[in-house]
1. Quick one: in the stretch 142-159, which of the residues that are touching a helix residue (DSSP H, G or I) at 6+ places or on another chain (Cβ under 6 Å) and in a strand (DSSP E or B) is farthest from residue 181 (Cα to Cα)?
2. For the stretch 333-345, indicate whether the set of residues that are small (Gly, Ala, Ser) and under 33 Å from the mean Cα position of the chain (by Cα) is non-empty.
3. Somewhere in the stretch 166-181, is a residue in contact with a His (Cβ under 6 Å, 6 or more places away or on another chain) and either assigned to a loop (DSSP other than H, G, I, E, B) or outside the structural domain of residue 230 (by TED's automatic domain parsing) (or both)?
4. Take the conditions of a type in the set (Gly, Ala, Ser), surrounded by 11 or more Cβ atoms within 10 Å (Cβ to Cβ), out of contact with any Lys or Arg (no Cβ under 9 Å at 6 or more places or on another chain) and farther than 17 Å from residue 157 by Cα and apply them to residue 384. Does it pass?
5. Part of a loop (DSSP other than H, G, I, E, B) and farther than 26 Å from residue 166 by Cα - does that describe any residue in the stretch 377-396?
6. Can you find even one residue in the stretch 222-233 that is touching a helix residue (DSSP H, G or I) at 6+ places or on another chain (Cβ under 7 Å), among the aliphatic types (A, V, I, L, M) and at negative phi?
7. Got at least one residue in the stretch 229-240 being outside the structural domain of residue 356 (by TED's automatic domain parsing) and either outside any helix (DSSP H, G or I) or modelled with pLDDT of 95 or more (or both)?
8. Could you please find all residues in the stretch 190-224 being more than 21 Å from residue 154 (Cα to Cα) and in a loop (DSSP other than H, G, I, E, B)?
Amino acid sequence: MQYILPPRGYAAVDSTNRGEVRKWITGRGATYAQVSGLTVAELSRIYNDETDAALNELLGTQTAQPTAAPATPAAHQTVPAPTGDTAAALKALIETLRPQAPELDEARIIDLIRQHAPTPEPRQLTISVNERPVVTMDRQHYRFPLLLATLAARVPAYLVGPAGTGKTSAAHAAANALGLPFAAVSVGPMTSKSDLFGMRDAHGVYHESDLVKTARNGGVFLFDEFDAGNPGTLTACNMLLANGSFSTPAGMVEKHADFVPIFGLNTYGTGASREYVGRNQLDAATLDRGAFLDWPLDESLEASFVGVQLSAPTLRLDAGSVPTPAEWLQIVQVTRRAVSAIGLRHIISPRATIYGAQLAAAGIGLDHLRQCLLVKGLDAATAAKLSEKAAEIANNPNFFAA
């Protein structure tokens, strides 16, 4: 049904009838370009002015226009030769010849966004590790280079982050980048030593587990949901992680130089939280056998899954500068003394020194080394207190004295 305009002089022009008012004005001789930019208030002023002075001002002419709008506007309207000065006539001619831009409704705005939005960056990453061939893979978590450098240095990695942040995917991608086989086990309260290291059946036949196969032959092995396991059972992994050989039901097995373990956790092994009620407090000796890498949600990676481009956080592997072995040794020993001085229940063993030297040789800087090997999940207030005490001890020239 066609909208019928109310009588002039009493019409309230609003969003419901402004389209009809625009048609009325163009029917009186105005061009689309003249009408499209008018506000509701301007439309109301022109429509309700019975003297047509406002309309004549818009048209740039003093010639009276027809009092009634045609039922159907002509397909090609011509502007009458305007009376008045030359500038007014020229303006009327230019407006007649100007291309009429489409009205910016919702559909038009969406179309413009599609035309001019930046093209999403490719979800691909090119990686070169040591002397290995270059590998091309899908875009990864912004902290993936830190994980890759840690594994390339053959340091066990504890990935700590909320559910859904891509820890499992990152572990598999790291295996591909390193050119190593990948295997995994999902750890839980019922995971047994036999699940990890195999078993002998009733006939005495030994059934080897994926963990033993990977440790013997080399590869990346993921202990997923590691902090959900029984802490007593998981201590059986301690020998495997920190020694050149380990025990199985079939005897001692030599660990391959390219065995690379990764642990996926939702906590720092300190026990259940409000979100992760099924997590256990793990033994300090187990937690001392690797580098802790924070693995937060990467919203730029999340956006790339649906073709949206967001800038990823910046990560510098050498942040804080790369220390020499002697510099790192001093930092570890100072921090260990600070832990003791403030009575903190926190382990900093010689493994922190060894792993830190290996990571520094891979180009990882002090900022990451401190977080991965010394702080290891301490809350911000405790970490600040530890840092303050360490600085106090470091300023004492006799801190190496017994």
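The values are calculated or read from the model by the stated rules, or taken from the named source; none is laboratory data. No experiment lies behind these values; they were computed from the predicted model shown. Don't worry about glycine lacking a Cβ; one is built from the backbone with ideal geometry, like all the others, and counts go over all protein chains shown.
1. The residue in question is 159.
2. Of all residues in the stretch 333-345, those small (Gly, Ala, Ser) come to 338, 340-341, 343.
The next check asks that each one be under 33 Å from the mean Cα position of the chain (by Cα); those that pass are none.
Looking through the stretch 333-345, none of the residues is small (Gly, Ala, Ser) and under 33 Å from the mean Cα position of the chain (by Cα).
3. yes
4. Values: of a type in the set (Gly, Ala, Ser): yes; surrounded by 11 or more Cβ atoms within 10 Å (Cβ to Cβ): yes; out of contact with any Lys or Arg (no Cβ under 9 Å at 6 or more places or on another chain): yes; farther than 17 Å from residue 157 by Cα: yes.
Against the criterion (of a type in the set (Gly, Ala, Ser), surrounded by 11 or more Cβ atoms within 10 Å (Cβ to Cβ), out of contact with any Lys or Arg (no Cβ under 9 Å at 6 or more places or on another chain) and farther than 17 Å from residue 157 by Cα), residue 384 qualifies.
5. yes
6. Yes, that holds for at least one residue.
7. yes
8. Those that are more than 21 Å from residue 154 (Cα to Cα) and in a loop (DSSP other than H, G, I, E, B): 190, 191, 192, 198, 201, 202, 203, 204, 205, 208, 209.
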